[in-house]
1. Filter Lys114/Lys141; Lys3/Lys57; Lys20/Lys141; Lys20/Lys131; Lys20/Lys57; Lys52/Lys75 down to the pairs with a C-alpha to C-alpha distance above 24 Å, please.
2. Run lengths n ≥ 4 of DSSP H only: what is the helix-derived mean residue ellipticity at 222 nm for the chain, with -39500 (n - 2.57) per run over all residues, to the nearest 500?
3. Using only Cα atoms, locate the centre of the range 3-71 and the centre of the range 117-151, then give the distance between them in Å, rounded to an integer.
4. How big is the chain on each of its three principal axes, counting only the C-alpha atoms and giving the largest first in Å?
5. What are the extents of the Cα atoms of the range 78-165 along their three principal axes, listed from largest to smallest and rounded to whole Å?
6. Show me 9-22, 56-69 ranked by packing, highest mean number of other Cβ atoms within 10 Å first.
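What follows draws every value from the coordinates through simple rules; no lab data is involved. Please read these numbers as outputs of a predicted model, since none were measured by experiment. Here Cβ is always computed from backbone atoms with ideal geometry, including for glycine, and neighbour counts include all displayed protein chains.
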Amino acid sequence: MAKPLVLSLDGQEFPVRLTKIDRDKLYGTVEVEAFDETGNPVFLRILAYDGKTVIDKGGTALATVNESGTSISRKDLVPVNSDGEEIEPVPSSFSMPNTLETATIDDYLSLSVKSVYSLDAADGGDLDFLKDVLSDGRIYKFPFSYRGGVEYDAACLLENHGDLFMVVGIPSTLQYLKLGQAAVLDSVEEQAVSEEDLDFDLL
C-alpha cells in the first residue's frame, strides 16, 4: 500500500491518502476514430526526416545526450541555477510530516493549478478535526513535492461539503488592469528562432 501523506496542524498529525481528480473522471472522454473508403481503420504515422521512412506508433522516443552526442541517463543529470550553481533537490512530501500554515484567498486564487486531489483518512485516522477547522472557509497551505525534485509546488488544503481537497500548483504573480490600461511585461532577452529550429514532429 502506498505511503500516506502526513499533515500536521496544532501538534496533531493526520495521515491521508490522495485520489487524483482528473478531467476524464469529471467530464468523460471522447475518442476519435478514422476510417478509409473501405471502412478499415486508419492510424497516424510519422514521416522521418529522410522524407521516405514511415514510422509506426511507438517507433519514436526522446533521448538525453551530452555535448558529444552520447546518450546518458537522466539520473546522471545535475540541476543548476542560472549562475551554474548546483541546486539542492527537495525531498518528497511523503517522507516527513507537512506543517500546515494559514493561507489567504489570494494565495489560493493565484495558483496556476497542476493537480487536484481528494483526501481520505489513512491508517485508521480521523479527519473530523481538519474538516471542522476548514468548514468556515479557512484555507491552509504547505510546500508539496510528490516524488521530490528541484523545487516544491504550493499546495492549498480546503473543505467543500464535508470533503477535503488539496489543490497543487505554481504561485502566479497577477497584474490587475483597468479599462484602457496596458500591461507592462518584464523585459526578457528575445532569442531568434529559425525555421530549422522548429521540429513539427513534437507538435
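1. Violating the 24 Å Cα-Cα cut-off are Lys3/Lys57; Lys20/Lys57; Lys52/Lys75.
2. -2000 deg cm²/dmol
3. Using only Cα atoms to place each centre, the spacing works out to 28 Å.
4. Principal axes ranked by extent give 65, 51, 49 Å for the Cα atoms.
5. Over the range 78-165, Cα extents along the principal axes are 47, 32, 19 Å.
6. Sorting 9-22, 56-69 by mean packing, highest first, produces 9-22, 56-69.
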